[in-house]
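The values are calculated or read from the model by the stated rules, or taken from the named source; none is laboratory data. None of the values given here were measured: they were computed from a predicted structure. For neighbour counting, all protein chains shown are included, and Cβ atoms are generated from backbone atoms with ideal geometry for every residue, glycine included.
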Amino acid sequence: MGAPVYDADRKTFVGMFDVRDILSCVNAAHREFVALGIDQHPKPGEDTHRHSDGEINRAMQRERLAKALQHLKIDSKPSTPGAVTVSYLAARNPMPPVFYTKESSLLDICKVLASRRKHRVCIGASSAARAVCEGILSQSGIVAFIASKCPKDSLEQTMTDAGLPFRKDVVTITDTASAADAFELLDAQRLSGIAVVDEDGKLVGNTSAKDIKRAVLDAGRTSMDMDILSYLASVRQGEVGKKEKHPFCHVHDDATVGHVVNLMAKTGFHRLFVVDKDMKPVGVVSFTDIITFVVKPAIPGA
């Protein structure tokens, strides 16, 4: 999920405004609610079932949200003093300096997408007047392509045997932490997903980019002071009419590369947590790792 931001004055793309930037806005709005002393949720024992009360609560919520957003000052243009602009947020995700077209080499694009913090590239046409983005090629699209095109027997080695690096530090949060704390950690690490562990350090859940979208669509109806797992259960359940499952995004350390690639392509998760036999996280595999693993043999000296 992302959109290119174009600076008409400079006639260039500033960067990508993506789900992590939306998360920054969600966190900032929550901090404003707290700073303004706004309690948008009923106290224990309060009667909120009467229709008139529900209408009043919704009206108050809209008023309070508007007040918080006034303090937040997020604009698409720097017209409000002290405002954080969409361009500023997008600039944290700079576009590649080279503009790619439909005739560009897929290998060249994969090399860019294998770089840290380069999740998407614009595909389009460049003229003397301005660059035109006609489409976006993302890491998830490349991984789905790999899953559909690679022969099944070509990825049957385990991650260890294939040399896919997965043993690395895992960003975790305990299942007793609040949703607000989890989202603040996500924002600080510039991630869309972190592992949720219990008091024994065992993996019991995770957040994903879709959960950030759900938090936005929830519009503050669910308290971010809830523990993270309860919060996720609530906002995920709110998808009325959608028979969407929420698979546990993990694999064991003896999984094959093919299993990892296919699971990523199927779920769309940007990363899979790797656990040992005791369900304790020992590593993580990301889209970047998979793309790097596939293109590395084609890079001289890599």
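Miscellaneous remarks
- When residues in region 193-207 are screened for being part of a loop (DSSP other than H, G, I, E, B) and either surrounded by fewer than 19 Cβ atoms within 10 Å (Cβ to Cβ) or not assigned by TED's automatic domain parsing to the domain that holds Arg271 (or both), 5 of them pass.
- None of Val143, Val132 is at pLDDT 90 or above and at negative phi except Val143.
- Here Ile173 passes the criteria (1) assigned to a loop (DSSP other than H, G, I, E, B); (2) within 17 Å of Leu203 (Cβ to Cβ); (3) modelled with pLDDT of 90 or more except the one numbered (1).
- Selection within region 266-287 - outside any strand (DSSP E or B) and crowded, with 19+ Cβ neighbours inside 10 Å: Phe269, His270, Phe287
- Scope region 178-192; condition in a loop (DSSP other than H, G, I, E, B), surrounded by fewer than 17 Cβ atoms within 10 Å (Cβ to Cβ) and of a type in the set (Gly, Ala, Ser); matching residues: none
- Among the candidates Thr80, Thr48, the residue that is modelled with pLDDT under 75 and either more than 30 Å from Gln189 (Cβ to Cβ) or among the basic types (Lys, Arg) (or both) is uniquely Thr48.
- Test: residue in region 100-110 that is surrounded by 15 or more Cβ atoms within 10 Å (Cβ to Cβ), under 22 Å from Phe269 (Cα atoms) and modelled with pLDDT of 90 or more: yes
For (1) at pLDDT 95 or above; (2) not in a helix (DSSP H, G or I); (3) not assigned by TED's automatic domain parsing to the domain that holds Val19, each residue gets a yes or a no:
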residue	(1), (2), (3)
Glu239	no, yes, yes
Val260	yes, no, yes
Leu263	no, no, yes
Thr292	no, no, yes
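- Ala233 being within 30 Å of Phe99 (Cβ to Cβ) and assigned to a helix (DSSP H, G or I): no
- Count - residues of region 135-158 that are of a type in the set (D, E, K, R), part of a helix (DSSP H, G or I) and touching a helix residue (DSSP H, G or I) at 6+ places or on another chain (Cβ under 7 Å): 1
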